[in-house]
1. Leaving out same-chain residues fewer than 8 places away, which lysines sit with a Cα under 23 Å from that of K66?
2. Please give the peptides 67-77, 254-264 ranked by average Cβ packing (other Cβ atoms within 10 Å per residue), highest first, as a rough proxy for protection.
3. Would the chain count as rounded, prolate or oblate if I go by the C-alpha gyration tensor, calling it rounded below 1.5 in a/c and otherwise prolate when a/b exceeds b/c, oblate otherwise?
4. List the lysines whose alpha-carbon lies under 29 Å from that of K295, not counting same-chain residues fewer than 8 positions away?
5. For segment 377-453, max minus min Cα coordinate along each principal axis, in Å, sorted largest first?
6. What are the ³J(HN,Hα) values, in whole Hz, obtained from phi via the Karplus relation 6.51 cos²θ - 1.76 cosθ + 1.60 with θ = phi - 60°, for each residue of segment 3-13 in sequence order, with x given for Gly and Pro?
7. Roughly how many nanometres apart are two label points built 7 Å out from the Cα toward the Cβ at T283 and E347?
8. At 7 Å along Cα-to-Cβ for each site, give me the label-to-label distance between E335 and E260 in nm.
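Bear in mind that the values in this text are calculations on the coordinates, not laboratory data. These numbers were taken from a predicted model, which means no experiment stands behind them. Cβ sites come from the backbone with ideal geometry, for glycine too, and all protein chains shown count toward neighbours.
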Amino acid sequence: RPAAFAGQKIVIVGAGLAGTLCAIMLAQRGARVEIIERQTFDPKDDYSNRRSFNVTVSSRGEAAMKAAGIWDRVKARTIAITGRTCHEGLGSTFFSYSRDRSVALHGARRSDVNGELLAAAAEHEGIAIRFGWTLRDLDKASGALTIAPVASDAPAETIGDADFVIGADGVHSAVRRLIHRGERADFTQRYLDWNYREIAIPAGPDADHPWRMDPNSLHLWPRGDLMMFALPNPDGSFTGNFIYPCAREADFAAIGLVGEMFRREFPDVAALVPDAEERLRVTPPSYFPTQRNSKWSHGDRFVLLGDAAHATVPFYGQGMNSAFESVLELVSCLERFPRSERARAFEAYQSARKPHTDAVADLSIENFDELRSRFRHVVPQARRRVEVLLNRLLPNAFVPLHVRVSHSLEGYRTAIDACARRDRLLRWFGFDLLVYAAAGGQIAATALHRVWHGGTGLS
Ligand code: FAD
């Protein structure tokens, strides 16, 4: 509906992933959009030199970006991820999933995705972006915002002519805090007991093939309490995340301690990053919060979007993908209801999304437990292999959960519940026996391989 928002002015706080995509979709439908972003970046920048973790775009994110007509330009900044490589002890590796590129995820630096979205937004005449301004206060009744420059003494300004305001200002959302003030709104924030620090694995010297590990894989080093994962970049480097118990934060102050632990647990990475300890020491720690809240909007003036409404830990790679689904749902609800019923549109949007965002938040925490510890054990590996095999044999009848989450548009809650019901049924038909048989085969094959090759495992 090209003119669904004609004549409306919409202010979005936060030019991150969700806010920028939403701005593009609203402007395409006739709205005038003003984005307030506290960072001072310039859309013409090369974002790749900024500190940024990597994200994987799955079908949900892809569908949303296609709907906005910007997928092709974002895709050009990504690299296909077809499976995951588990780096076990003794330098052995284990690849799971498939090499089939038609079901690949698309890995990219978050800053590259954001950069492309911002560039696309900047090309749209209906969108104005004010970088370097932060939200200070808001008036819940009138919808007016008070914004102030981040790096100058210029006076604060008031924006009082917006029809409504979208709070897309991320996990520590000021819009959320301010609209919840004085309301009966439940809000919970739970941090994992683990922190992480980024560590870059540089490209190799071979310009034709600069990746020093498989470039089409998510790399994992599960070590129980410690863990690393790394995603490839188009320039041949990898962005790694070193995850450790927050109780060990003090270790970074003691010279030698972290380096010794890193060399012992991740010798293959240490060989690629000789100054790993120094790099880790100077990188600030980051945290893993999960947030839920019971009130995503206030009247017909304010609504929350993306991490501001539903932040999850990244262990199913769904935070951005889910945020993009929320963009589609919000736009669709606003189109369905007349303007005079905008408050109802906001409520319909929350009702449609919250069961699914809560479900994926739980799933992501469970997956962290699997990735850091259980995945290294043979039974979960065997289960995944059996699932992939059954999916190949019965592509329509047996679809594993990770496929339904990452390669479909089915609601998260629906997919999780359907798989739980199916797994209960399969147990009656001896599915677990099949998994144990596969695990036994895996153990025997690994042992034989080790004997034959003198210490290295399967690859
Ligand atoms: P953000 O992208 O955080 O954007 C918020 C914006 O608001 C920022 O630009 C910020 O500067 C601005 N802002 C904040 N406060 C103010 C203010 N007061 N005034 C003005 N502007 C403000 N998701 C995936 O789908 N796949 C993955 O593989 C994946 N991997 C991840 C790995 C890691 C290590 C982490 C931490 C997250 C990962 N995610 C992943 C999650 C994903 O990054 C987030 O879900 C996504 O960025 C949310 O987008 P957003 O627009 O809601 O928030």
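1. Within reach: K44, K75.
2. The packing order, highest mean first, is 67-77, 254-264.
3. prolate
4. Correct list for K295: K9, K140, K354.
5. Largest to smallest, the principal-axis extents are 47, 27, 22 Å.
6. Working through the residues one at a time gives 10, 4, 10, 4, x, 9, 10, 10, 9, 10, 9 Hz.
7. 4.6
8. With each label point 7 Å from Cα toward Cβ, the separation is 6.1 nm.
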